[in-house]
Amino acid sequence: MLSSISNAEVSIVIPTYNESENIKGILHLIKEHLPKNTNVEAIVVDDNSPDGTGKIAEAYFESLKEKTRYTINVINRKTKEGLSAAILNGIQQAKGKIIVVMDSDFSHPPQLIPKLVDALKQSKIDIVVASRYLNGGSIQGWSLKRKIISRIATIIAKKGLGVKESDPMSGFFAFNKDIIKGINFDAIGYKFLLEMIVKVKDASIKEIPYTFSDRQNGKSKLGTKTILEYIHAVWNLYRYGKKNQRNEKRTSVRFVSKAARFFSVGASGLGVNYLTSVLLTTNLDMWYLHATILGIAFSITSNFFLNKYWTFEDRDFATKRTIIQFGKFSAFSSIGALVQLGIVYYLVDEIGLSYPSSLLLAVTTAAFSNFVLNKKWTFKEKLWS
């Protein structure tokens, strides 16, 4: 760790792993866009990068002639412990009362840092999120596959955990450090912001739109492990919410809550279907129709078990009972698909409604009917409960 200014007002936490091609440039760009009249420290938390990312950051700081308003600390961790854990480590070492978290690969523009900091200083806001999905925000350079995965993850967070923000998965945000005092973080996977939003009660949150640009240098860290860590993190946060929430007595709220979970599982099923089909065709050279059929089968199966365990909280996995439930669930899923096709055909060919509008109405109707049928007949719950 290098020396730091003791009166830093803003600490910028930058987790890194093998970012030798980016780290010097991003640190320089941060220096060029410091908030006015503000002492800033950049904290590079490096997970023992084999490419020497930490040493490059240290060398850049040593080369600076002006170090009064901008300083750089490098935390060299001995092992690769994950992005959220790195962020938490940086926050614990931070001198500033305002924390900014961002990536080092230029996907998060340092030009936006003053705007994030000003929003915290000038209003009673606890967290400011740079959002890709707010009006005015966008994503550049991502493949369709990457966009679908991101959207599904966001839907799961919003519907499954009750998060209202447009981009709770953002890796670019700022917050007042005091709001996390006394909170224990799991720091699993890549989404520290999501855990903070769930665990900081009654936090005031503002979103600012920005354009996310995919990295030009280095390799993306997204992979199967990342997806599994995200599922693990969401499950932990769901259990945390269940443990801390009061017993909800309003029937309408319980009904809507279960419906939201059911639809979140449905969204995850789209991801399972897509990924399974793509993996089978690309890695096993399977015929696309066979891959699609298996993708559908996998998604129905994953949807069933997630809904049984999570949505309807049925923990009885006796063989006969589970097989009967799975049969009903599969049948209702097939009925839902037929309902969707029928509605689309009727609205487009008979009524003359546009296909996008027809599809939206059909999917909504089919999903809701699927929820009602499974709630009543598969999992034997009272409909309005």
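No lab work stands behind these numbers, since they all come straight from the coordinates. All values derive from a computational prediction rather than experimental measurement. When we count neighbours, we look across all protein chains shown, and the Cβ atoms used for this are built from the backbone with ideal geometry, even at glycine.
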Hz values of 3J(HN,Hα) by residue in the stretch 140-151 - Karplus curve (6.51, -1.76, 1.60), Gly and Pro given as x = 10, x, 8, 6, 4, 4, 5, 5, 5, 4, 5, 5
Coordinate range along principal axes, alpha carbons of the stretch 98-163, Å, largest first | 37, 30, 21
Calculate the radius of gyration of the Cα atoms of the stretch 1-159 to one decimal place, then report Dmax, the largest Cα-Cα distance, as a whole number, both in Å.
-> 16.1, 50
Tell me, what HN-Hα J-couplings in whole Hz come from the Karplus equation 6.51 cos²θ - 1.76 cosθ + 1.60 at θ = phi - 60° for each residue of the stretch 38-47, using x for Gly and Pro?
-> 9, 7, 10, 10, 9, 10, 8, 9, 9, 8
Among P114, L88, N73 the positive-end extreme of the charge dipole of the chain (Cβ point charges) | L88
Using all Cα-Cα distances in the stretch 246-378, what percent lands in each 5 angstrom bin from 0 up to the longest?
-> 2, 10, 16, 18, 17, 16, 12, 5, 2, 1, 0
How much mean residue ellipticity at 222 nm does the chain get from its helices, if each DSSP H run of length 4 or more adds -39500 (n - 2.57) and you divide by all residues, to the nearest 500 deg cm²/dmol?
-> -15500 deg cm²/dmol
Loop only per DSSP, at most 15 neighbouring Cβ atoms within 10 Å: give me the trypsin sites (Lys or Arg not before Pro) in the stretch 146-213, ordered by residue number.
-> K164, K181, K201
Separation of the stretch 295-342 and the stretch 135-200 by C-alpha centroid, Å?
-> 29
Report ³J(HN,Hα) in whole Hz for each residue of the stretch 337-350, in order, from the Karplus equation J = 6.51 cos²θ - 1.76 cosθ + 1.60 where θ = phi - 60°; Gly and Pro get x.
-> 5, 5, 4, 4, 4, x, 5, 4, 4, 5, 5, 7, 7, 9
For the chain, the longest principal axis of the Cα atoms and the Cα long axis of helix 224-244 enclose an angle in degrees, to the nearest 10, of 80
Sequence-distant lysines (8 or more away, or on other chains) whose Cα lies within less than 24 Å of K97 = K31, K36, K67, K115, K121, K124, K177, K181, K191, K199, K201, K206
Treating the beta-carbon of each Lys and Arg as +1 and of each Asp and Glu as -1, no other charges, what is the dipole magnitude of the stretch 94-163 about its Cα centre, to the nearest 20 debye?
-> 220
For the chain, using Cα atoms only, the Rg and Dmax in Å read 23.6, 74
G82 long-range amide H proximity, modeled H, under 5 Å = none
